[in-house]
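Everything on this sheet refers to the single structure shown next.
We did not get these values from a lab; they are worked out from the coordinates using the rules stated. Being a predicted model, the structure only gives us computed values, none of them experimental. FYI the Cβ positions are ideal-geometry reconstructions off the backbone, even for glycines, and counts take in every protein chain you see.
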Amino acid sequence: MRQVLIVIPEALLNVTFDQPISRTPYWLSGGNPLANYPWRDQPEATLPKLAEVVVIGAGFTGGALAYHWAKAGSLDKQMVVLEMDDPANGASGRNGGEVVMGRYFALVLGTVTNGLTKLRPDLSEDERVQLAKSFAIVYCRSAYKNAELIERTIRDEGFDCDYVREGWVQARDIDEQKQLEKSVNAGRENGFADWAKLSADEAAEKTGANIKNPTNFSKGAAQFQPAKWVWSLFQSALKSPQVKLYCRTKVLSIRDVGDVYEINTTRGLIRSKYVVNATEAYTPKLHKQFHNVILPKQTQLSAGTDDGQSLKPNITFSTNTGFMGRHRTHIYFGSDETRIPDQQIGRNQPSRFVTKFLIGELRRFYGCFPLRVTHEWSGTVGFTDDEYPIVGVMDEKRQYIIAGMSGSGTAISFNAARWTCNRILNIVEREDDYPDEFFSPMRLLDPKNHRWPSIKEK
Ligand SMILES: Cc1cc2nc3c(=O)[nH]c(=O)nc-3n(C[C@H](O)[C@H](O)[C@H](O)COP(=O)(O)OP(=O)(O)OC[C@H]3O[C@@H](n4cnc5c(N)ncnc54)[C@H](O)[C@@H]3O)c2cc1C
């Protein structure tokens, strides 16, 4: 009640909302260089009848698959990416642009321990914690590697996607200080030292916010223009003849007919040996067995101008209820994780109440600077029950999926796409970043028959 009657009305002093406000995600407001690809320039183009791999979806994951295939694939093996909209129009062009180091160790440990209550009722509480610990170790290892791979790729390829790496500050209230220390220690003891602590003064210096308590800090987190990242991946991949992209082509169904899959689309049928679903939150719409397995949750963001008077550039700042950052002249702020029905996945229907609530959060840390809200949009994030992603084969044959990234798509998509391409191409790696016993979708689809990792002695 205090929020509704006092905090929000006070926060709205000195705030204007554009009339009408733009529903186009801020990252997409400058236009999409791959809109309607390839039909815009080649109206006569047609879908191929056959491909080695069909990828469904052209966001972070589909873009990364295309990129890695172009690097590793051979000329006789073609990858075809099908996108029902335009590249980066899903969650990948609607997010907070934070390149995360992954969910921190203690967080993964907690969510997986909870998830195991349902998935492994045969285990004791102690055994579940032990098992969850090995899940957290495997996740963090691959996520750290993923973050380094993204940075290296942007640098080596010269991608123009506004990448800066100066960390992420997470404010903590006074009663959360014990938990803060505990989570930092848990990460450090297990070899994941990215998750650190900052004094209130250090955090205030980095963010420009009025901070009274020590905060958490992810040292290796970065920011980028997420849609530009997706477009850069495709622009690089499309130089290679073994990658093709077809936008505004919706996959209606996938049928396993033995040695190939038949992919039925709004532009006709393609046959392929492999399929990779890069559809994240949209997956349950295409594959009904993922209903209640990948949980679609709406998250939203707003953007506006502040005459440079609030957030500092290059660093993400979050509170318990929201996350925020700056990109050039605009600041953006977002929140929410509301489960929505499968039919509404992908909708753009932000709540003005959430925007106003977040302006209250901004005021709490940055005071009453003038704010003109220009954009407000929403997207759908794919969560799993244990908030642990799925990467692997979903039908015990040749159909792959990368999904359930639970709001941290930048932590998984790039490395998981690399891993998937290598699996398909039979390229054996020294280290397995996504071992089946941890990441296979069977963990959630069929937990009784899933081959779980053994529980390590304490
Ligand atoms: C508001 C918001 C803020 C977020 N902030 C962050 C953040 O700061 N950092 C972070 O790491 N993550 C963040 N996320 C999560 C992140 O955006 C996602 O994890 C990531 O974008 C998933 O990428 P993707 O390529 O797998 O899925 P998507 O980008 O959703 O791509 C899936 C694509 O599949 C296409 N598709 C679906 N069905 C079909 C079909 N039948 N036929 C053809 N095409 C189809 C869709 O059109 C879509 O383009 C945020 C998400 C939201 C919504």
Self-check item: Exposure proxy order (Cβ contacts within 10 Å, fewest to most) of S29, S302
Solution: S29, S302
Practice problem: Restrict the search to the stretch 351-443; then list the trypsin sites (Lys or Arg not before Pro) that DSSP places in a loop and that have at most 10 other Cβ atoms within 10 Å of their Cβ. | Solution: R430
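Starting from the Cα-Cα distance between V164 and R352, subtract it from 0.36 nm times their residue separation and give me the gain in nm to one decimal.
Result: 64.7 nm gained on full extension.
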Quiz item: What net charge is computed for the residues neighbouring Y139, neighbours being all others with C-beta under 12 Å from the C-beta of Y139, Lys and Arg scored +1, Asp and Glu -1?
Solution: +1
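Output the pairs from K133/K182; K178/K212; K182/K212; K273/K448; K145/K178 with a Cα-Cα distance over 18 Å in this structure; if there are none, say none.
Numbers: K133/K182 15 Å; K178/K212 15 Å; K182/K212 20 Å; K273/K448 29 Å; K145/K178 29 Å.
From the list (K133/K182; K178/K212; K182/K212; K273/K448; K145/K178), the Cα-Cα distance tops 18 Å for K182/K212; K273/K448; K145/K178.
Taking the Cβ of L116 as the centre, find all other residues whose Cβ is under 15 Å away and add up their charges (Lys, Arg: +1; Asp, Glu: -1).
Its environment carries a net charge of -1.
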Quiz item: Under 20 Å Cα-Cα from K206, which lysines qualify once same-chain neighbours fewer than 8 residues away are excluded?
Solution: K197, K219, K312
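Specify whether the C-alpha gyration tensor of the stretch 15-109 places it in the rounded, prolate or oblate class, a ≥ b ≥ c being the square roots of the eigenvalues: rounded for a/c under 1.5, otherwise prolate if a/b is larger than b/c and oblate if not. Before the final figure, lay out each step's value.
Numbers: a/c = 3.20, a/b = 1.27, b/c = 2.52.
Oblate is the answer for the stretch 15-109, as a/c is 1.5 or above yet b/c matches or exceeds a/b.
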Quiz item: Based on the Cβ-Cβ distance from E202 to L252, what FRET efficiency comes out when R0 is 51 Å, to the nearest 0.05?
Solution: 0.45
Quiz prompt | Exposed GluC sites (Glu not before Pro) absent - longest run of the chain, DSSP non-H/G/I/E/B, at most 15 other C-beta within 10 Å | solution = 45-395
Quiz prompt | Spin-label pair E189/K71, simplified geometry with 7 Å Cα→Cβ offset, distance in nm | solution = 3.6 nm
Quiz item: Which whole-Hz couplings ³J(HN,Hα) result when phi for each residue of the stretch 88-98 is put into the Karplus expression 6.51 cos²θ - 1.76 cosθ + 1.60, θ = phi - 60°, listed in order with x for Gly and Pro?
Solution: 6, 7, x, 4, 5, x, 10, 9, x, x, 9
Practice problem: Mind listing the long-range amide H neighbours of V55? Cut-off is under 5 Å, sequence gap 5 or more, other chains count too, H placed in the peptide plane at 1.01 Å from N. | Solution: V80, V81, L82, V276
Quiz item: Which residues' amide hydrogens lie under 5 Å from the amide hydrogen of Y37, considering only partners 5 or more residues apart or on another chain, with H built in the peptide plane?
Solution: C247
Self-check item: Whole-Hz couplings from phi, Karplus 6.51/-1.76/1.60, listed for the stretch 373-381; x for Gly and Pro
Solution: 7, 10, 9, 8, 8, 9, x, 10, 10
